[in-house]
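Report on the following structure.
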Amino acid sequence: MRLKAALVAALLCPAAVYSQPQSIRIHAARVIDGGGKVLSNATVVVQGSKITSVETGNAGPATYDLGQLTVMPGMIDVHAHVGWHFDKDGRYAARRGAPAEEILYSAENAFVTLMAGFTTIQSPGQANDAELRDAIARGVFPGPRVLTSIRPLNDNSGTPDEIREKVRQLKKDGADVVKIFASASIRDGGKQTMTDDQLKAACGEAKAQTLRTMVHAHSPESNKASVNAGCDQIEHGVFADAETLKLMADKGVYFDPNVGVVLQNYLRNKAKYLGIGNYNEEGFAYMEKGLALNAAMIKKAVATPNLKLVLGTDAVAGAHGHNADEIVERVRLGGQKPMDAIVSSTSLAAKSMNLDKTIGTLAAGHEADLIALDGDPLTDITAVTRVAFVMKGGKVYKHVAVTSHSR
């Protein structure tokens with residue numbers, strides 16, 4: 001299998017990750033801290049894998065003087081299928097290949113995601129996610145920090161008691177989150193598929209096991225049932241209405257609507273999916289309609305007071321490395337304020353994963369996960385797609401010459 005040339009270089013050549021001095025100083029004209037603040041002429045000081053301070057003013061020479069670039073925390077995608085890929089024939093690989101081949105495809109996707117500025121992702125259900133997560137954590141190859149559900153639950157997962165047992169087994173197997181399918185795919189109309197009792201069993205047992213839950217739910221009925229079952233996060237919600245969105249806000253449930261990447265990617269790569277499983281003409285027609293539905297829904301979501309919108313893409317084969325398009329589309333389609341969109345992809349996303357004391361904010365004691373953008377995303381949100389510098393855990397993985405956008 002052919003890997004990206006850059007990934008091969010990173011795997012085979014240790015110099016692909018820049019060696020670091022004991023203390024690193026990163027200076028830029030603008031620093032967005034992830035919590036809603038902007039600092040001018042600031043320096044982020046890093047020692048080892050941690051940020052030790054964020055200083056303003058001329059505080060001495062910088063290890064990396066990033067000039068007019070904008071520094072911000074590494075972005076977080078709370079819903080990315082890092083293992084989904086096209087096979088050697090350019091078709092969606094619905095069936096798993098050899099384990100070695102599968103992990104290499106996952107590694108390639110992880111690498112391009114990191115290079116796009118995403119230093120943490122949550123991958124809801126892929127057979128080799130745990131191995132990928134652990135290998136990246138060991139430093140075997142470059143990639144974002146990975147959290148995974150290992151495998152999902154759905155309406156065929158059994159009785160409430162059987163579902164509770166499966167949640168307990170996920171905990172034993174090292175899952176970071178429980179992924180639940182409460183509704184059908186948008187290609188199949190999105191109707192509720194799990195019963196209310198099944199949802200209560202899944203989300204109730206997950207809480208008992210100190211596991212978070214993320215629920216695939218398109219219809220208002222499945223959204224409401226999931227919220228009322230005590231689930232933590234709703235995915236998609238294409239048909240969510242004002243009442244449903246208010247219920248999420250009132251209950252403090254996180255909402256990850258996926259409006260800027262997944263459907264666009266499917267339609268762009270239709271020939272690579274068509275004819276596989278339920279990827280048929282009828283399904284693609286649903287997805288075409290879904291674009292307009294998403295555009296209307298995200299406007300309502302952004303306008304819902306206190307709704308906790310987090311950044312997730314549902315990135316599948318063909319979408320990896322394009323994750324930041326979700327941020328652009330939420331601002332463009334939904335009218336979300338650029339700063340709110342940035343917070344949703346940094347500190348709020350971290351909080352949704354119970355990692356807000358570790359990542360998502362540029363602050364002393366946090367992991368040194370930071371990126372630099374060619375441009376100012378507060379005036380041109382497309383700057384989030386122009387990542388010129390990537391540091392994760394105190395190691396620099398990308399440092400390229402700037403373009404005219406930042407001059």
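Please tell me if Val167 is among the hydrophobic types (A, V, I, L, M, F, W, C) and crowded, with 16+ Cβ neighbours inside 10 Å. So Val167 fits the description; yes.
Restricting the first member to region 374-389 and to residues that are open to solvent by 10 Å² or more (accessible area, probe 1.4 Å), and the second to residues that are of a type in the set (Gly, Ala, Ser) and part of a loop (DSSP other than H, G, I, E, B), the beta-carbon pairs closer than 8 Å and six or more apart or on different chains are Thr382/Gly375; Thr385/Ala116; Thr385/Ala324; Arg386/Gly375; Val387/Ala116; Val387/Gly117; Val387/Ala324.
Applying a threshold of 6 Å to beta carbon distances and a minimum spacing of six or more residues, or different chains, the list of pairs starting in region 45-61 at a residue that is closer than 17 Å to His366 by Cβ and ending at one that is modelled with pLDDT under 95 and of a type in the set (S, T, N, Q) reads Gln47/Ser23. With the requirement that a residue be of a type in the set (Val, Ile, Thr), part of a loop (DSSP other than H, G, I, E, B) and under 23 Å from Ser106 (Cβ atoms), what does region 148-171 give you? Ile150 - this is the single residue of region 148-171 that is of a type in the set (Val, Ile, Thr), part of a loop (DSSP other than H, G, I, E, B) and under 23 Å from Ser106 (Cβ atoms).
Checking each residue in region 170-192 for being modelled with pLDDT under 85 and either open to solvent by 40 Å² or more (accessible area, probe 1.4 Å) or within 14 Å of Thr210 (Cα to Cα) (or both) picks out only Asp188. Assess whether Thr119 counts as being of a type in the set (Ser, Thr, Tyr), assigned to a strand (DSSP E or B) and in contact with a Pro (Cβ under 9 Å, 6 or more places away or on another chain). So Thr119 passes the test. Within region 394-407, the residues that satisfy the criterion of being open to solvent by less than 20 Å² (accessible area, probe 1.4 Å) and either at pLDDT 95 or above or basic (Lys, Arg) (or both) are Gly394, Val396.
Only one of the listed residues (Phe111, Phe118) is buried (at least 19 other Cβ atoms within 10 Å of the Cβ), modelled with pLDDT of 95 or more and either out of contact with any strand residue (DSSP E or B) (no Cβ under 8 Å at 6 or more places or on another chain) or on the phi > 0 side of the Ramachandran plot (or both). That residue is Phe111.
Going by the structure shown, is Gln169 out of contact with any His (no Cβ under 9 Å at 6 or more places or on another chain) and free of Cβ contacts under 8 Å to residues at least 24 places away in the same chain? So Gln169 fits the description; yes. Scanning region 245-266 for residues that are surrounded by fewer than 24 Cβ atoms within 10 Å (Cβ to Cβ) and in contact with a helix residue (DSSP H, G or I) (Cβ under 6 Å, 6 or more places away or on another chain) turns up Leu247, Lys251, Val253, Leu263. Do we have any residue at all in region 131-144 that's under 14 Å from the mean Cα position of the chain (by Cα), farther than 21 Å from Thr213 by Cβ and either among the aromatic types (Phe, Trp, Tyr) or surrounded by 24 or more Cβ atoms within 10 Å (Cβ to Cβ) (or both)? So far as region 131-144 goes, yes, one or more of its residues are under 14 Å from the mean Cα position of the chain (by Cα), farther than 21 Å from Thr213 by Cβ and either among the aromatic types (Phe, Trp, Tyr) or surrounded by 24 or more Cβ atoms within 10 Å (Cβ to Cβ) (or both). The residues of region 206-264 that are among the charged types (D, E, K, R) and either part of a helix (DSSP H, G or I) or free of Cβ contacts under 8 Å to residues at least 24 places away in the same chain (or both), listed by number, are Lys207, Glu221, Lys224, Glu243, Lys246, Asp250, Lys251.
Against the numbered list (1) in a helix (DSSP H, G or I); (2) in contact (Cβ under 8 Å) with a residue 60 or more places away in the chain, Ala363 comes up short only at (1). Of the strands (runs of 3 or more DSSP E) lying entirely inside region 1-99, those containing at least 3 residues that are modelled with pLDDT of 90 or more and open to solvent by less than 40 Å² (accessible area, probe 1.4 Å) are 23-32, 38-47, 70-73, 75-77. Scanning region 379-402 for residues that are within 19 Å of the chain's Cα centre (by Cα) and polar (S, T, N, Q) gives Thr382, Thr385.
Of the residues making up region 161-184, those that are out of contact with any Gly (no Cβ under 9 Å at 6 or more places or on another chain), more than 30 Å from Pro73 (Cα to Cα) and of a type outside the set (A, V, I, L, M, F, W, C) are Asp161, Glu162, Arg168, Gln169, Lys172, Asp173.
The values are calculated or read from the model by the stated rules, or taken from the named source; none is laboratory data. Note that the coordinates shown come from a computational prediction; the quantities given were computed from them, not determined experimentally. Positions of Cβ are backbone-derived with ideal geometry, glycine not excepted, and every protein chain shown enters the neighbour counts. Quick note on the areas: whole protein, heavy atoms, side chains included, nothing else; ligands and nucleic acids left out. Shrake-Rupley method; radii C 1.70, N 1.55, O 1.52, S 1.80 Å.
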